[in-house]
Every structure is written in C-alpha cells, then in structure tokens.
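This is the structure I want to talk about, given as structure tokens.
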Amino acid sequence: MGLTQILVFLLIAIAVGLLLKQERRSWAIFLVSLLSVYLFQPLVPLRDFGFWFPTASILLTAGTWLVVRGEDQKIEPEDIIAGGLSVLIIILVSMNRFVPLEIAWLPGSVPPLLSVLVFLSIFTVLGWVVSVRYEIRRLGTWIYLFGLIGIFVVIKTQPLMLWLSELLREMIGQSTALASTLDFSWLGFSYISFRLLHTLRDRHSGRLPAVSLRDFMTYVLFFPALVAGPIDRIERFVQDLQTSEALDGEQIVAAGRRILLGLVKKFALADGLALLALSPTTAPALRSAGWAWVLLYGYSFQLFFDFSGYTDIAIGMGILTGVTLPENFDQPYLKSNMTTFWNSWHMTLARWFRSYFFNPLTRALRSGLLRNSPGLIVLIGQFSTMLLIGLWHGITWNFALWGLWHGVGLFIHNRWVNYLRARSGPGLITSLPEAATRGLGTLVTFHFTALGWVWFALSDFEMSVNVFRTLFGMTG
C-alpha cells in the first residue's frame, strides 16, 4: 500500500467517520472494504488474475459465512442486500474493460463479462444449496478449512507456485518461460485466511456468534487492516462496528497522531533504513564484521518500523471508522526475554497461534503419554508453534529455521525460569541489581532476535551461513 493510496483511504475514513451515522457508516465501510480488495491488489503478470484474486477473496469470505451460520440463523433481507452489492461491485469492476480511460488502481486486465456472469451464477446456485441444507453447511466448514490451508500451502511454497504458474500460463496462452512467484501476488490472503480459519474453528467449538453477511465481510476485508493486519477477533470487531458513535475531537486527535506516527515510521525511518539493511542484494558484498552488524541492525529496525508503521496507520484509520483494532507491537526490542518479546511482537498473530494451535496441542499432550514429561511437552509445543509461524511467512528452509531459532530461544527461557524457581539460593545472575539483570536480559534478547533475522531477511541458506560467518569474523 503506497503513500497515495494511504492518503486517499485516510480521506475516505475521515468522511465516513465524520459525516455518516452508525447504520450508514457500517454500509459505507462494507462497500469501501470490498472495493479496497481490488484497489490494493498489486499487478499480477498472469492475465486477468489481478481481477480473479480479489474476486476470490470476496467469494471465499461470502462462502465461509454461508457455511459458518448457525442452524437457526436465517438469511435476512440485509444479508441479501449485502450479497447483491458484493456481486454488483464484482460486475462493475469487471466492466472496467469497457471504459476507454484507465482507472487508477483497478485491474487493467479483466476477463470477459460473460465469463464473470457465468462464474457468479454458479457460485450463487451453490450458495443457495448450502444455505438451505444444514448438513451440507457442516460438511462445508471442513471443506473450507482444509481448502484454505491447501491454498495457503500452494501460494507459500515456491516450487508449487512455479508449477501452478506454468500450468495456468499454458492454459491461458501465456509464455511458460516467464512463470514466477510474482504470478501469485494475492493481496492480503495470509490475513484473510487466518480470519476465516478463526471463524471456522470457532464454529466447530460453538463459540462463533451470529453475524450478518455485511458485518462478517467487513470484518474479514476491513480496509485499514487488509494489507498488514492486525488479526482481530470477530466478536470484538462486530461489537465496535455495531455500537460506534459519532467521532469526538479527542478521537480525531488520537487517530491523527497515530497515523502521523505510522507515516513517519514507514516512509521516513523504514524506507531510509532500507539503504543500510541486510538483504539478498547487500549480503554478498559483505567483507567485514563491522559492516555486517551495521546491516543487521539496520534490517532489524527497518522491519520493525515498516511493520509497526503500517499497524499504526491501520489502528488510526480504524479509530476514524469507529473500530478500535487491537495493538500489534509493544516495544518488543526493549523486552528482557523471548517470552515477553513474543508477547509484544506481532501480538495478534502470536495470540492466534496460541489459541488455535499451542494450547490445544499442549492440552492433548498433557492428557496423553507425555503427561509426566512437562519439559518435553513445552519443547514440542514451542518448537512446532514457532515452526508454523515461520512457515506462515513462506514455506522455505530459511523461514523454517527462523521459526525454530525462536523455538529454541523460547524453550531455553522456559527452562531457565524453571531452573531459577527450583534453586534454593541466589546465583550469580539473580544476585545482580534488578536494573542490571533487566538490562542484560534486554541486550541478550535483542541480539538473539537480531541474529534470527538473518534467516528471515535472506532466502538462501548458504548466503545466510556466510553472513553468520562474517558477523563473527570467521571469513578467510
């Protein structure tokens, strides 16, 4: 999301927040969120997929709502209107081919209108069948669950992406020699899929509240949080959406301050640090440990300012629309151990994995053969959770190693805490003043995290190893 797009949607958020009352505001946010899926979508080399990816996001969201509805939840007139408006927006975007002038940010390549109408007709018929048969909806929750995971695996695995890219290019008559991972630049799918998975799992456990189609789609596709999160919970989000009142001066000032902070972080600090950050371009040129540490520090802070800057902008825009999005960062580089670091870095992602993977896994292990091995349970839980968080960013060896690196850090901290609790007297570390202990812990935690970014910043294993060797003066 570029600066121009941010400013345009900031103006829209201000207009929605200041000029519209709650009910009209909810509809306006819904419509803007649907359009933002197309307007934020980057260019895709695959013909027409700049249209099909956003359309798939909308239809996946609508389809998920159909299957997660409770047995007693009827389709209301408001739901039919929301569905009709969704179809209308898809059709209007597909008619971009008939406009003689290029419309900024809309997909330049769109399929024939007849193809779009046929596809939407098939989806509508299938949706109607699902809506009237509850047993199909129950089966559909599992189909959607595994289908989303399957799509996620494909678009996060480079060999699978290249294979599918070649197949699709052959089908639509494009050169297979130009196949690349850029063909699958599906905007926001990582966050969309986690929001949908959250609702599917909560439906299985009976915790999902009844939500209208409009509010459900707004939650999943909410334009301030579409690109980079945070990952909200639907029950909290919908409560804000339905009870928001007119903005007051204090809220406007708070939103403006947060957005300004985000803009400075992203476009001044992060973009400036990019010139001195570790990357596949700068890593091969490293010859000294000093410069290697400079680039590593540069990348560590560039990543933080970039990601937290987008989060600040999203939270500020959310305030303007009456929605208070959850915090995603809380001074993570000032934390004194890996556990508190992960309680303050990408907090909504960490909470998602804790709720839907780590806690269920460790509960299952505690009730099984490992119930008398708490250390092993923690080891399995932390390693597997962090491995999945790493693979969420991309299914590569380096992302896997980055996740396992943090799994090691979390496990060592867990064992260290247990060791200190079991000691009867003070040790060398615990006898130090509290400020010194906290400062030492912060220094160690920051550098452990920074070294882990080597795996994250670089896609090549050998290049990463060479950077580690340079950092510690082991080059020949």
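Could you point to the residue in N337, V68, L387 farthest towards the positive end of the chain's charge dipole, with +1 and -1 charges on the Cβ of Lys/Arg and Asp/Glu respectively?
Of N337, V68, L387, it is N337.
Using 0.36 nm per residue of separation minus the Cα-Cα distance, give me the extension gain between Q22 and R97 in nm, one decimal. Kindly include the intermediate steps, with their values, before the conclusion.
On the way: separation 75, 0.36 × 75 = 27.00 nm, distance 3.52 nm.
Using 0.36 nm per residue and subtracting the Cα-Cα distance, I get 23.5 nm.
Here's something else I'd like to know. About the Cα centre of the chain, how large is the charge dipole given +1 on each Lys and Arg Cβ and -1 on each Asp and Glu Cβ? Please answer in debye to the nearest 20.
On the way: 35 positive and 28 negative charges, 255 e Å.
Dipole about the Cα centre, nearest 20: 1220 debye.
In debye, nearest 20: dipole of segment 249-329 around its Cα centre with unit charges on the Cβ of K, R (+) and D, E (-)?
Computed about the Cα centre, the dipole is about 180 debye.
Classify segment 333-471: rounded, prolate or oblate, from the alpha-carbon gyration tensor (a ≥ b ≥ c, eigenvalue square roots; a/c under 1.5 rounded; otherwise prolate if a/b is larger than b/c)?
Oblate, since a/c reaches 1.5 and b/c is not below a/b.
Mind checking the dipole of segment 88-203: about its Cα centre, +1 per Lys or Arg Cβ, -1 per Asp or Glu Cβ, Debye to the nearest 20?
The dipole of segment 88-203 has a size of about 480 debye.
Which one of P326, Q242, L260 is farthest out on the positive end of the charge dipole of segment 228-374, using unit charges on Cβ (Lys, Arg +1; Asp, Glu -1) and the Cα centre as origin?
Most positive-ward Cα: P326.
For the chain, which longest stretch is free of loop sites, where a loop site is one of the GluC sites (Glu not before Pro) that DSSP puts outside H, G, I, E and B and that has at most 15 other Cβ atoms within 10 Å?
The answer is 328-476.
For F119, F358, which order do you get if you count the other beta carbons within 10 Å of each Cβ and list the fewest first? Mind showing how you got there, number by number?
Working: F119 16, F358 19.
Listing F119, F358 from fewest to most nearby Cβ atoms yields F119, F358.
Could you list R233, R421 so that the one with the fewest beta carbons within 10 Å of its beta carbon is first and the one with the most is last?
Fewest to most other Cβ atoms nearby, the residues stand as R421, R233.
Mind checking which of L187, G407, A285 is farthest towards the positive end of the chain's charge dipole, using Cβ charges of +1 (Lys, Arg) and -1 (Asp, Glu) about the Cα centre?
Final value for the positive-end residue is G407.
With percent of Cα pairs over 42 Å apart in mind, check (1) 12; (2) 21; (3) 16 and report the label derived from this structure.
Matching the structure shown: (2).
Apply the a/c threshold of 1.5 to the C-alpha gyration tensor of segment 2-154 and tell me whether it is rounded, prolate or oblate.
Working: a/c = 1.79, a/b = 1.28, b/c = 1.40.
In terms of gyration-tensor shape, oblate.
Here is a further query. Past 31 Å, Cα to Cα, is the threshold; run K74/K156; K21/K74; K266/K335 against it and keep the listed order.
Working: K74/K156 37 Å; K21/K74 26 Å; K266/K335 22 Å.
Checking Cα-Cα distances, K74/K156 exceed 31 Å.
Okay, moving on. Tell me what the chain gives for mean residue ellipticity at 222 nm when only DSSP H runs of n ≥ 4 count, each as -39,500 (n - 2.57), the sum divided by the residue total, rounded to 500 deg cm²/dmol.
-22000 deg cm²/dmol
Just so you know, all these numbers are worked out from the coordinates, no wet-lab data involved. Just so we're clear, the structure is a prediction, and the values are computed from it rather than from any experiment. Cβ: placed from backbone, ideal geometry, glycine included. Neighbour counts: every protein chain shown.
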